[in-house]
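Reading through the structure tokens given below for one structure.
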Amino acid sequence: MDDNFVIIQRPRLICECKNVSLQKIQEEVHVHGVRTLKDLVLRTRASTGCGSCASAVREAFETELTKTAPELPGSADNEP
Ligand code: FES
């Protein structure tokens with residue numbers, strides 16, 4: 001067995017045509033503050049090729065967006 005063997009994992013691609021990974025979508029939402037699907041598409045070009053990934057792109061984006069939702073005033077966690 002070769003001790004120098006290294007396994008490299010590729011990021012999971014959501015859009016293969018434009019090489020957009022789940023990690024890239026997460027970065028756009030959480031690092032760059034993208035809050036609309038339109039902006040995500042403009043920045044990454046995701047779903048602008050064959051279009052078959054459109055629902056997966058939207059689903060991944062919406063999932064990440066829910067993780068950024070601010071707490072509402074008066075919610076249980078904000079009570080004194
Ligand atoms: S896989 Fe995303 S546009 Fe084709």
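Considering only THR63, LEU42, ILE25, and ranking their Cα positions along the charge dipole of segment 13-69 that arises from unit charges at the beta-carbon of Lys, Arg, Asp and Glu, the one farthest toward the positive end is LEU42. Here's how it looks for ILE14: its modeled amide H is under 5 Å from those of VAL20, SER21, LEU22, which are all 5 or more places away or on a different chain. 3J(HN,Hα) couplings calculated from phi for segment 40-45 with the Karplus curve 6.51 cos²θ - 1.76 cosθ + 1.60 (θ = phi - 60°) are, in sequence order, 4, 5, 4, 7, 10, 6 Hz; Gly and Pro show x. Each Lys and Arg Cβ is given +1 and each Asp and Glu Cβ -1; about its Cα centre, segment 13-69 then shows a dipole of about 140 debye.
Read the figures in this text as sums done on the coordinates, not as results from a lab. Here the structure is a predicted model, which means the values were calculated and not measured. Counting neighbours? That spans all protein chains shown, and the Cβs are built from the backbone with ideal geometry, glycine included.
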